[in-house]
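In what follows, a structure is listed as structure tokens, so that the remarks can point back to it.
The values are calculated or read from the model by the stated rules, or taken from the named source; none is laboratory data. Since the model is a prediction, treat every value here as computed from it, not as a measurement. Cβ placement follows ideal geometry from the backbone for every residue including glycine, while neighbour counts extend to all protein chains displayed. Remember, those area values only see protein heavy atoms, side chains included, never the ligands or the DNA or RNA. Shrake-Rupley method; radii C 1.70, N 1.55, O 1.52, S 1.80 Å.
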Amino acid sequence: MTSAGVPTTSHWGAYLVRPDGTADGGGITVLPHPADPAPSPLLGNVAGALHHPTRVRRPAVRRGWLERAVRGLDPEPSDRRGAEPFVELEWDEALDLLAAELLRVREQHGNEAVFGGSYGWASAGRFHHAQSQLHRFLNMYGGYTSSRNSYSLATSLVVLPHIVGDADAVLRRASSWPTIVEHTELIVAFGGIPAKNVYVTPGGVTRHVTPGALDALAQRGTEIVLISPLRADLPAGGPQTDWIPIEPATDTALMLALAHTLLAENLHDEDFLERYTSGFDVFERYLDGRADGVAKSADWAAPICGVTADSIRALARRMAAARTLVTVTWSLQRIQHGEQPVWAGIALAAMLGQIGLPGGGFGHGYGSMGDVGDHGPDVRLPYLSQGTNPVRTFIPVARIADLLLHPGESYDYDGERLTYPDIRLVYWAGGNPFHHHQHLARLRRAFARPDTIVVHEPYWTASARHADFVLPVTATLEREDLGGGRRDTHLIAMHRAAEPYAEARDDHAILAALADRLGFGKRFTEGRTPREWLVHLYEQWQPGVGAPPFDEFWDAGEFELPAGPRHFTLFEDFRADPQAAPLRTPSGRIELHSPTVTGFGYADCPGHPVWLEPDEWHGAPAAQRFPLVLIANQPATRLHSQLDVGPVSRAAKVAGREALRLHPADAEQRGIADGDVVRVFNDRGACLAGAVLTQEVRQGVIQLPTGAWYDPVLSPDGGSHSDGEVLCVHGNPNALTADVPSSRLSQGCTGQHALVQVERYEGDPPPVTVTAPPTLLRKEDL
């Protein structure tokens with residue numbers, strides 16, 4: 001414990017809290033952790049958001065749902081969600097109603113009819129982890145339909161096992177930054193190494209190491225080639241950088257052309273390909289054009305990528321002459337055919353022959369998450385057991401709208417043929433689907449279909465406003481917990497620094513009360529209070545790491561974990577002896593062609609890296625009407641949509657709306673000036689944003705980050721205004737993105753790109769309303 005304040009942690013890092021701040025901050029002051037060399041700017045959102053007016057004060061039930069319950073009627077689907085007022089209730093009444101509804105759904109439709117939609121990110125705490133708490137509860141309730149993978153990198157999680165046998169090896173054991181700093185001469189960064197993302201890690205991090213690693217690369221003289229339409233995808237002032245402002249969604253074509261140049265000029269490593277890879281002969285026939293009559297040369301790729309053929313050939317030669325690391329950000333696989341840049345990047349690195357060598361090879365996610373490349377301890381932290389789900393039904397996580405809209409329909413996934421169940425109740429805790437998901441007007445239609453939707457929320461987000469039950473939960477600073485993330489150097493004693501807001505309860509207390517009503521309360525709590533759970537989890541974990549007794553740890557505020565190795569290289573054991581350390585692929589080697597994937601027969605994901613045109617790029621027919629490519633990337637001012645009402649996030653708004661960055665030439669063509677409110681639109685919807693003109697965006701491209709709380713203009717009956725278009729007045733780009741899968745293989749999210757048009761908004765724009773609570777009634781007002 002430090003005299004500066006009590007410790008806690010978050011997904012954007014550990015910090016200290018001093019309970020003596022201003023009233024606007026809920027009576028707290030937030031300070032960086034003294035061990036953090038690069039504290040996250042997102043800490044600036046915490047204090048001002050803690051007691052924001054959008055906090056949910058009491059349990060609330062949608063008026064239409066409650067009116068049916070009062071009349072003794074079962075709930076039914078409703079398109080009024082998102083438009084109706086809520087009725088505040090006492091906790092006992094709300095929990096009694098919800099317990100009865102959970103029993104009804106189980107008795108009438110079975111446990112498969114419940115979707116447990118928690119997606120995580122609510123807290124860095126190991127006990128008050130909403131996803132774990134909810135899934136533990138639903139497992140004891142009899143099970144539920146679950147989701148698999150993540151919006152961030154579902155495509156990679158499915159395709160990587162077919163290429164290298166193990167997604168975790170690539171994503172969690174990437175070559176360490178100290179190794180890269182010492183050995184790498186050239187980094188070719190497809191999608192860059194965005195500084196804004198490296199402050200975030202699931203579970204938090206005490207020491208942010210990526211900014212220091214980039215500084216060390218600059219001092220050593222390592223060069224970086226940034227391949228991205230956005231200059232900000234690599235921080236300014238770091239290593240020497242060559243910026244190639246590529247056409248969005250064409251990275252695979254560029255990778256193939258680089259590979260073709262290596263092949264044509266005999267710069268590829270034939271010995272490595274023979275010993276460590278499988279299927280290069282099939283890939284080679286595709287590269288040189290024998291397979292389809294089209295050589296994937298630099299001349300072929302140049303008009304696709306917007307990069308000169310000479311530049312492509314020069315880069316390939318440069319890569320072959322240096323110790324080169326090929327990196328691919330997670331963002332590149334969040335598009336149609338997103339498997340291809342990952343597979344092509346591995347193939348390109350394999351042709352260079354440097355996979356498994358210090359400083360060379362392949363990386364996936366540098367700049368996408370703070371722990372990629374981190375050399376902190378690789379120690380499993382305390383965790384709450386969720387038990388076993390008796391229901392085996394699941395969906396790929398980004399298929400939630402399809403699940404709700406198309407019960408009984410079949411779909412492909414990683415070689416399986418699956419069927420969507422009929423969902424009657426959605427229970428969501430610790431996530432915001434109206435942030436993560438695409439085509440939000442379609443998601444609204446999907447959310448109209450279930451009988452009942454339940455959310456646990458601290459704030460009146462769009463997900464809360466589209467629910468039937470809204471149960472107020474505490475914020476992280478209003479409860480005790482154990483905190484720590486992957487590769488974190490510390491386990492943090494998360495002290496409570498503020499009283500629970502209004503009538504908020506923690507997720508565990510809410511679910512324990514429901515479990516009591518459903519007959520398994522003692523099994524759920526195991527007779528422990530939350531503090532007793534912390535002691536129990538800590539003492540189960542403590543002997544393996546030599547940690548002090550709990551009371552000593554709690555008083556100290558943190559425990560520094562045993563250090564791990566500083567230097568390690570992805571696939572170094574495989575490189576040293578591929579027979580002794582084979583990959584978990586059918587061949588035991590890197591599969592540049594996968595007979596397994598070929599056997600699935602998916603035209604949108606063949607069995608080796610290929611160039612497939614997506615629907616959302618400048619070469620698509622729709623670009624005639626919608627000529628700008630929107631890049632909907634991660635925000636710099638918040639984590640996802642969390643604390644969008646915080647001071648850092650609000651200060652970055654333009655005219656009270658999310659900032660949209662566009663090239664001055666594109667703005668001039670449309671009569672748009674810096675600071676104007678603009679309408680961004682396509683056939684799926686529209687949103688308003690504030691224009692920011694910059695030369696650091698490729699012409700023909702606009703950038704609008706995700707996470708602005710969705711604020712649609714709706715008529716009182718829940719419909720849209722103005723010719724059926726649903727307009728988000730706050731600037732959420734998922735009003736525009738397409739809800740289609742990356743491929744039949746992965747069913748991954750494709751929310752990174754969309755074709756749009758932009759125009760200056762004339763007249764007075766509709767006000768932003770999501771920064772205030774919805775209409776709240778009393779039960780006696782019904």
Open item on the list: One residue is enough: does region 455-468 have a residue meeting the conditions of a type in the set (V, I, T), open to solvent by less than 10 Å² (accessible area, probe 1.4 Å) and touching a Pro at 6+ places or on another chain (Cβ under 6 Å)?
Closed with: no
Task: Single residue of region 276-301 satisfying the filter (of a type in the set (D, E, K, R) and more than 33 Å from the chain's Cα centre (by Cα)) that is most open to solvent (accessible area, probe 1.4 Å) - done: R290
- [ ] Kindly indicate whether D615 is under 27 Å from the mean Cα position of the chain (by Cα), within 27 Å of I244 (Cα to Cα), surrounded by fewer than 20 Cβ atoms within 10 Å (Cβ to Cβ) and not aliphatic (A, V, I, L, M).
- [x] yes
Open item on the list: I'm trying to understand the selection: among the residues of region 226-242, which are buried (at least 18 other Cβ atoms within 10 Å of the Cβ) and over 25 Å from the mean Cα position of the chain (by Cα)?
Closed with: G238, P239, T241
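Please list, ordered by residue number, the strands (runs of 3 or more DSSP E) wholly in region 338-432 having 2 or more residues that are among the hydrophobic types (A, V, I, L, M, F, W, C) and surrounded by 24 or more Cβ atoms within 10 Å (Cβ to Cβ).
425-429
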Open item on the list: Looking for something out of contact with any strand residue (DSSP E or B) (no Cβ under 9 Å at 6 or more places or on another chain) and closer than 30 Å to L405 by Cα - is there at least one such residue anywhere in region 29-42?
Closed with: no
Open item on the list: What are the pairs with Cβ atoms under 7 angstrom where one residue, in region 41-68, is in contact (Cβ under 8 Å) with a residue 12 or more places away in the chain and the other, located anywhere, is among the polar types (S, T, N, Q) and assigned to a loop (DSSP other than H, G, I, E, B)? Sequence gap at least six, or different chains.
Closed with: T54/T771; G64/S78
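Restricting attention to region 475-497, and to residues there that are open to solvent by less than 10 Å² (accessible area, probe 1.4 Å) and in a loop (DSSP other than H, G, I, E, B), which single residue is nearest to Y15 (Cα to Cα)?
Keep residues of region 475-497 that are open to solvent by less than 10 Å² (accessible area, probe 1.4 Å), which gives 477-478, 481-485, 488, 490-494.
Among the residues that remain, those that are also in a loop (DSSP other than H, G, I, E, B) are: 484-485, 488.
Values: G484: 12, G485: 14, D488: 13 Å.
Ranking the candidates gives G484 first.
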Task: Pair list, Cβ < 6 Å and 6+ apart or interchain, from region 313-327 residues that are at negative phi to residues that are of a type in the set (V, I, T) and not in a strand (DSSP E or B) - done: R313/T261; A316/T261; R323/T184; L325/T184
Task: helices (runs of 4 or more DSSP H) fully within region 29-143 counting 1 or more residues that are at pLDDT 95 or above and open to solvent by 20 Å² or more (accessible area, probe 1.4 Å) - done: 63-70, 91-109, 130-141
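For region 244-305, which fully contained helices (runs of 4 or more DSSP H) count at least 3 residues that are closer than 21 Å to G588 by Cβ? Steps first, please.
On the way: elements: 251-264, 270-276, 280-287, 298-305.
Answer list for region 244-305: 270-276, 280-287.
In this structure, does T324 turn out to be in contact with a helix residue (DSSP H, G or I) (Cβ under 7 Å, 6 or more places away or on another chain) and within 14 Å of V225 (Cα to Cα)?
Working: in contact with a helix residue (DSSP H, G or I) (Cβ under 7 Å, 6 or more places away or on another chain): yes; within 14 Å of V225 (Cα to Cα): yes.
When the stated conditions are applied, T324 passes them.
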Open item on the list: Taking the criterion of being over 19 Å from A632 (Cα atoms), touching a residue at least 60 places away in the same chain (Cβ under 8 Å) and not in a strand (DSSP E or B), would at least one residue in region 213-228 satisfy it?
Closed with: yes
Task: Candidate set from region 180-198 (those that are out of contact with any strand residue (DSSP E or B) (no Cβ under 6 Å at 6 or more places or on another chain) and surrounded by fewer than 24 Cβ atoms within 10 Å (Cβ to Cβ)); member that is farthest from I492 (Cα to Cα) - done: E185
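Name the residue that is farthest from F127 (Cα to Cα), counting only residues in region 519-534 that are open to solvent by 40 Å² or more (accessible area, probe 1.4 Å) and under 31 Å from the mean Cα position of the chain (by Cα).
Going residue by residue through region 519-534, those that are open to solvent by 40 Å² or more (accessible area, probe 1.4 Å) are 519, 522-523, 526-532.
Still in the list and also under 31 Å from the mean Cα position of the chain (by Cα): 530-531.
Details: P530: 8, R531: 10 Å.
Only one residue fits best here, namely R531.
Could you please find all residues in region 632-664 being among the aliphatic types (A, V, I, L, M) and either open to solvent by less than 10 Å² (accessible area, probe 1.4 Å) or in contact with a Gly (Cβ under 9 Å, 6 or more places away or on another chain) (or both)?
Our first condition is that a residue be among the aliphatic types (A, V, I, L, M); within region 632-664, this holds for 632, 636, 639, 643, 645, 648, 651-652, 654-655, 659-660, 662.
If the condition is that a residue be among the aliphatic types (A, V, I, L, M) and either open to solvent by less than 10 Å² (accessible area, probe 1.4 Å) or in contact with a Gly (Cβ under 9 Å, 6 or more places away or on another chain) (or both), then A632, L639, L643, V645, V648, A651, V654, A655, A659, L660, L662 are the ones that fit.
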Task: Residue tally, condition open to solvent by 40 Å² or more (accessible area, probe 1.4 Å) and outside any loop (DSSP other than H, G, I, E, B), over region 758-782 - done: 7
Open item on the list: Whether any residue in region 102-113 is at positive phi and in contact with a strand residue (DSSP E or B) (Cβ under 9 Å, 6 or more places away or on another chain) is what I want to check.
Closed with: no
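So that you can scan it fast, the table gives a plain yes or no per residue for (1) part of a strand (DSSP E or B); (2) at pLDDT below 95; (3) surrounded by 17 or more Cβ atoms within 10 Å (Cβ to Cβ):
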{"site": "G690", "(1), (2), (3)": "yes, no, yes"}
{"site": "Q695", "(1), (2), (3)": "no, no, no"}
{"site": "D723", "(1), (2), (3)": "no, yes, no"}
{"site": "L745", "(1), (2), (3)": "no, no, yes"}
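Find the residue count for region 498-518, including only residues that are assigned to a strand (DSSP E or B) and surrounded by fewer than 20 Cβ atoms within 10 Å (Cβ to Cβ).
Going residue by residue through region 498-518, those that are assigned to a strand (DSSP E or B) are 505.
Then drop every residue that is not surrounded by fewer than 20 Cβ atoms within 10 Å (Cβ to Cβ), which leaves none.
Matching residues across region 498-518 total 0.
Any idea which of V629, V610 is surrounded by fewer than 23 Cβ atoms within 10 Å (Cβ to Cβ) and either of a type in the set (A, V, I, L, M) or not in a loop (DSSP other than H, G, I, E, B) (or both)?
Numbers: V629 fails: surrounded by fewer than 23 Cβ atoms within 10 Å (Cβ to Cβ).
Answer to the check: V610.
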